[in-house]
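First up is the structure itself, then whatever we jot down about it.
Nothing in this text is a laboratory measurement; each read-out follows from the coordinates by a stated rule. Bear in mind that the values here come from a model prediction, so they are computed numbers and not experimental data. Ideal geometry is used to build each Cβ from the backbone, glycine not excepted, and the neighbour counts take in all protein chains shown.
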Amino acid sequence: MELILLFRPNRKSREYRIIGGGEPVMGPTIKNKRRQIVWHQLAKNTKSAEFHCLLRPKRLENRGQRKLMQLPKPSADVHISSALSGLTTTDDCPKTPTIGSKPAFSDQDLAQGARLDLSCTATVTTKNLPLKLYYLTPTFSIILCTSNSPSPELITDVFPEREVDCFTVTHIDIDCTVRGSSEGADMTFYPRQCYFRREVAGGSLIRRIQFSVARLRREDFGAHVFCETVSFTPGDTHRPQLRAWLSSSVNIVRFTMAPQIAKLYFNEDSQTWVCVAMGYPLPKKAGMSLRRSSTIQLGRQLGLYVTDVNSTQPRLLHQNLLPRSTEINSTYVTQMHFNPPFPLPGGLRNGTAVIRCAIEDAYRDLTTHISVGLPHDEPILRQPTRGTAGSGVFHDCTMIMEAQTYIRQVSLHRVTETEWLRYDITVA
């Protein structure tokens, strides 16, 4: 024999779905048979639904059966209960959090200096699961957790929601147990509150994290923010799949940002200047140049310098924490290097130089004192040995090439340079 539970969505429906079943467990009497059945895919609206218990002989042809088009007729071997209706069902499964912002993430009027309010809400089941909020940027990360709940007597119809503890955890945390300060973040710009409430209808437990960016700064551009219902423990082999299921959409913080210089510094080791410029939308007009120098020799050297542009966008700090891959971030940073196109023999001369980094109409000047280069009176190039009249000068020219290469001619040139002229003569 087998005992199965049937579900009919409403009286107009012509089918009875088989929720589950199995062999019944014998009760105190031979006529008392029972079976505990788990409904894995709970329906949302069941007030107008009907439930029936069906006891019937176990047959091979009924294996894998999903529904009945009509109820069987009762007999000595077939028994069916009367309809049970008017039930309100609630599931106890963790839900994917919902995340919202004010203004909306897609708001075109959002600009640097504005305030951004974020809200994350999740149903956390009767197990009172923790809720996390991630705010990840290229330079710092904030991970918020809420896992506590107030005393049951404090949750009433008059006060259905109460504020609870809100704390930060480290990037290695899994289940809101590894507390720690946020990495590189000034929390005065990021107020937060956490709340806990119980739904009057159904008694569901709900957590909410309210997180704000008091003033959008350039450090916030490109931040990835999402929420996560924590329904796993350390060592859980299914954690990656659970994180993907129980995480909200990943939203990217973008806002209008005027062109500006974020960094400008001199690298003594390579004797180059580095400038980081930002803007959204990012202007195409950007570069570095020499404004003035203290000596003619240093000015000539820096006159050879060129600007190399690197448009690679910065990676997120702890990017591995993202529950799923996201779209490519917007282009809002450009890094420029002011360097010579070829190595300068002996390096830069001693002196002072003013270098300007500009993007659109924004610029910044940096005055650099170079004290590690050659002194003014020392020649840049090593002076050749002076020969005497009638003596010879020998030069060896070595060239590496493929075996099948055909050489028609090799010539040796002498280069002569004066203050007003530079020319070469073929000498061999």
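Just a few scattered comments:
- Spin-label pair Arg300-Ala43: with each label point 7 Å from Cα along the Cα-Cβ axis, the two points sit 9.2 nm from one another.
- Across the chain, Cα pairs under 8 Å and at least six residues apart give a relative contact order of 11 percent.
- Secondary-structure-derived ellipticity at 222 nm for the chain, considering helices only, amounts to -1000 deg cm²/dmol, per-run term -39500 (n - 2.57) for DSSP H runs with n ≥ 4.
- Residue by residue, region 244-261 carries 3J(HN,Hα) couplings of 5, 6, 9, 10, 6, 5, 8, 10, 10, 7, 10, 7, 5, 9, 5, x, 7, 9 Hz when phi is fed to the Karplus relation 6.51 cos²θ - 1.76 cosθ + 1.60 (θ = phi - 60°); x denotes Gly or Pro.
- Considering only chymotrypsin sites (Phe, Trp or Tyr not before Pro) in DSSP loops that have at most 15 other Cβ atoms within 10 Å, the longest stretch of the chain without any of them is 40-393.
- Label-point gap, in nm, between Lys263 and Arg34 - each point 7 angstrom along Cα→Cβ: 6.9 nm
- Mean separation of Cα contacts under 8 Å (6+ apart) over length of region 98-253, as relative contact order %: 30 percent
- Averaging 1/r across all pairs of distinct Cα atoms in region 258-370 and inverting the result yields a Kirkwood radius of 15.5 Å.
- Summary value for region 171-248: 25 percent relative contact order, contacts being C-alpha pairs under 8 angstrom separated by 6+ residues.
- Model label points for Arg364 and Leu84, set 7 angstrom from Cα along the Cα-to-Cβ axis, are 7.0 nm apart.
- Members of Lys12/Lys127; Lys263/Lys284; Lys12/Lys73; Lys263/Lys285; Lys102/Lys132 lying beyond 27 Å, as alpha-carbon distances in this model show: Lys12/Lys127
- Tensor-based shape of the chain (alpha-carbon gyration tensor, a/c under 1.5 rounded, otherwise prolate or oblate): prolate
- Part-to-part distance (alpha-carbon centres) for region 164-222 and region 312-336, which is given in Å: 22 Å
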